[in-house]
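Report on one structure; see the data block that follows.
The values are calculated or read from the model by the stated rules, or taken from the named source; none is laboratory data. Not measured: the values here are computed from a predicted model. In this analysis, Cβ positions are derived from the backbone assuming ideal geometry, glycine residues included, and neighbour counts consider all displayed protein chains. Quick note on the areas: whole protein, heavy atoms, side chains included, nothing else; ligands and nucleic acids left out. Shrake-Rupley method; radii C 1.70, N 1.55, O 1.52, S 1.80 Å.
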Amino acid sequence: MSTVFDINSLARENVRKLVPYMSARRLGGRGDIWLNANEYPIAPNFQLTEQTLNRYPECQPTTVIQRYANYSGLQSEQVLVSRGADESIELLIRVFCEPGRDAVLFCPPTYGMYSVSAETFGVEQKKIPASTDWQPDIAAIKNNLDRVKLIYICSPNNPTGNLIDPEILRQILELARNRAIVAIDEAYIEFCPQRIHTTTRWLQDYPHLVILRTLSKAFALAGLRCGFTLASADIIALMLKVIAPYPLATPVADIAAQALTEAGIATMRNRVAEITNNRAYLQQALSNLVLVENVFPSETNYILVKFTNAELVFKTLWEQGIILRDQRKQPGLANCLRITIGNRNECEQLVRAISTLSNQSKQIKETENP
């Protein structure tokens, strides 16, 4: 009797050992209030106008590229469009990092795909913990640049919500000059409009700077999977060598182009104002509750909250159909949950649920300690 062949024995060792990135959808849950994926709470309304699905799309749809270039104040040759910013994270590793020789550097707690992508390609990771205020530790970065070809900095940072100090970004760019690419991930930059042109203006001074953007957050198009890379024309040309032949489906390009019209951008800015108001309400309301230890400042469409018992809050709300994002396993984020800013009704329901749980916990404590 022949033995059963284990297909895993053919897989690369690093892939066998890989712990995959657990996206909100992979983690599942059954609920009515989804506050775990940093999505806009209401679906936008778009109609397809392209009727050419029998033809392959352009690799880099001209209208989408030109409109995003106009929006960001750059030239079209400085813009690349991809399947979400996640594809750009991988493309940069494929272009610049030699497996077994080069390394990528990032500063946890931060977005998990930097680590997963590096692990997938067999590229060493240098994880330099952020300072206590969640700003990158410049001294530690300076001491760990050996063999580093690519530095990822998320600003505003996910999941902490803080903007990285522009002066610190400049220091990192200076440290990396002539030796490494610095990729600033600005998925949430529209939620701090005062900074939206800060880094794009630096591209002329720093040829090793790359900026990652997306339509998933402020543009309310998470389901579209459309991201952008902003960089020098030379870097864009290198990335175009390794990108898939047709990275953007025709319907995706169609809707992205509509979202980037003047009217689409105005609608996005109205959404940002709405979310910002709801964020202020939620921060204030939660800060008064017994179970809440700290509500951290945020420049995004989510807030990070430290609870006295995050596991209790997460599981109780999960059972009630209010789905949050557990961050307790991230370094430095014990008892922390990330909460997407929903519409006002969702925010109010969340506050009521945590308030009820807070009151119950208070009563239990009073009973135990009369």
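Looking at the range 159-183 only, could you name the residues that are under 12 Å from the mean Cα position of the chain (by Cα) and over 18 Å from Ser131 (Cα atoms)?
Quick first cut of the range 159-183, residues under 12 Å from the mean Cα position of the chain (by Cα) only: 159-161.
None - no residue of the range 159-183 is under 12 Å from the mean Cα position of the chain (by Cα) and over 18 Å from Ser131 (Cα atoms), so the list stays empty.
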Those helices (runs of 4 or more DSSP H) lying entirely in the range 60-133 with at least 3 residues open to solvent by less than 30 Å² (accessible area, probe 1.4 Å) and farther than 21 Å from Arg201 by Cα: 84-96, 113-120
Looking at (1) surrounded by 20 or more Cβ atoms within 10 Å (Cβ to Cβ); (2) over 12 Å from the mean Cα position of the chain (by Cα), find the lone condition where Pro156 falls short. (2)
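Working only within the range 174-190, note down all residues that are among the β-branched types (Val, Ile, Thr) and more than 16 Å from Ser72 (Cα to Cα).
Ile181, Val182 - these are the residues of the range 174-190 that are among the β-branched types (Val, Ile, Thr) and more than 16 Å from Ser72 (Cα to Cα).
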Residue hits (the range 181-226; charged (D, E, K, R) and open to solvent by 20 Å² or more (accessible area, probe 1.4 Å)) are Arg195, Arg201, Asp205, Lys217, Arg225
Within the range 330-339, is even one residue open to solvent by less than 40 Å² (accessible area, probe 1.4 Å), touching an Asp or Glu at 6+ places or on another chain (Cβ under 7 Å), farther than 23 Å from Pro44 by Cα and not assigned by the TED database to the domain that holds Leu221? yes
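Might you let me know whether the range 12-19 holds any residue that is assigned to a helix (DSSP H, G or I) and either at pLDDT 95 or above or open to solvent by less than 50 Å² (accessible area, probe 1.4 Å) (or both)? Walk me through how you get there before you give the answer.
Applying the first criterion (assigned to a helix (DSSP H, G or I)) to the range 12-19 yields 13-17.
Subset that is either at pLDDT 95 or above or open to solvent by less than 50 Å² (accessible area, probe 1.4 Å) (or both): 14.
Among the residues of the range 12-19, at least one is assigned to a helix (DSSP H, G or I) and either at pLDDT 95 or above or open to solvent by less than 50 Å² (accessible area, probe 1.4 Å) (or both), which makes the answer yes.
Can you tell me which residue among Thr261, Thr229, Thr316 is β-branched (Val, Ile, Thr) and open to solvent by 40 Å² or more (accessible area, probe 1.4 Å)?
Working: Thr229 fails: open to solvent by 40 Å² or more (accessible area, probe 1.4 Å); Thr316 fails: open to solvent by 40 Å² or more (accessible area, probe 1.4 Å).
Result: Thr261 is the single residue among Thr261, Thr229, Thr316 that is β-branched (Val, Ile, Thr) and open to solvent by 40 Å² or more (accessible area, probe 1.4 Å).
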